[in-house]
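Below is one structure, written out as C-alpha cells, with a few remarks after it.
The values are calculated or read from the model by the stated rules, or taken from the named source; none is laboratory data. Note that this is a predicted model, so its numbers are computed, not measured. Here Cβ is always computed from backbone atoms with ideal geometry, including for glycine, and neighbour counts include all displayed protein chains.
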Amino acid sequence: MGSRQHNTSSTMVSNDEIVALNNYLQARHMLASLSWSFQTTGVGHEPQWTARCRIDGVTRGTGVAGKKSLAKKQAAGAALRSLQEENPGE
C-alpha cells in the first residue's frame, strides 16, 4: 500500500465537467489559476485515486475513484459547483 503524489498543470480531458470548468474559468480570464494534484493509494491492481482541483492554490473540488480520469471529473464538477454557488449571478 504505497502512496504517490502527482502534480500537473491544467490539461484537457474529454469529460463534460472538466470542459465546463475550463470554459467557466476561461470566460473569466482565470484559466491560468487552475491546477490539479493527484494521489493514489492501494495496491497496483486496485488503485484509489484522489484528485484535487485548485483555483489560485485553494482546493475547490475533490474526487475519489478507482480511475484517475473519473476522480478528476468528480473534482472538476465539485469545483465548478463551488464557483457557481459563490457567484450565482454569473
Within the range 27-53, which residues are of a type in the set (D, E, K, R) and in contact with a helix residue (DSSP H, G or I) (Cβ under 8 Å, 6 or more places away or on another chain)?
Arg52
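State all residues of the range 53-68 that are in contact (Cβ under 8 Å) with a residue 12 or more places away in the chain and surrounded by 14 or more Cβ atoms within 10 Å (Cβ to Cβ); if no residue qualifies, say none.
Of everything in the range 53-68, those that are in contact (Cβ under 8 Å) with a residue 12 or more places away in the chain and surrounded by 14 or more Cβ atoms within 10 Å (Cβ to Cβ) turn out to be Cys53, Arg54, Ile55, Arg60, Gly61, Thr62, Gly63, Val64, Ala65, Lys68.
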Flagged in the range 55-82 as touching a helix residue (DSSP H, G or I) at 6+ places or on another chain (Cβ under 8 Å) and in a strand (DSSP E or B), in numbering order, are Ile55, Arg60, Gly61, Thr62, Gly63, Val64, Ala65
Quick one: how many residues across the range 69-82 are among the small types (Gly, Ala, Ser), within 15 Å of Tyr24 (Cα to Cα) and buried (at least 17 other Cβ atoms within 10 Å of the Cβ)?
5
Could you list, in sequence order, the residues of the range 4-39 that are surrounded by 10 or more Cβ atoms within 10 Å (Cβ to Cβ) and at pLDDT below 50?
His6, Asn7, Thr8, Ser10, Thr11, Val13
Given the criteria at pLDDT 90 or above and of a type in the set (Val, Ile, Thr), does Thr50 qualify?
yes
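Can you find even one residue in the range 38-53 that is among the small types (Gly, Ala, Ser) and in a helix (DSSP H, G or I)?
No, the range 38-53 has no match at all.
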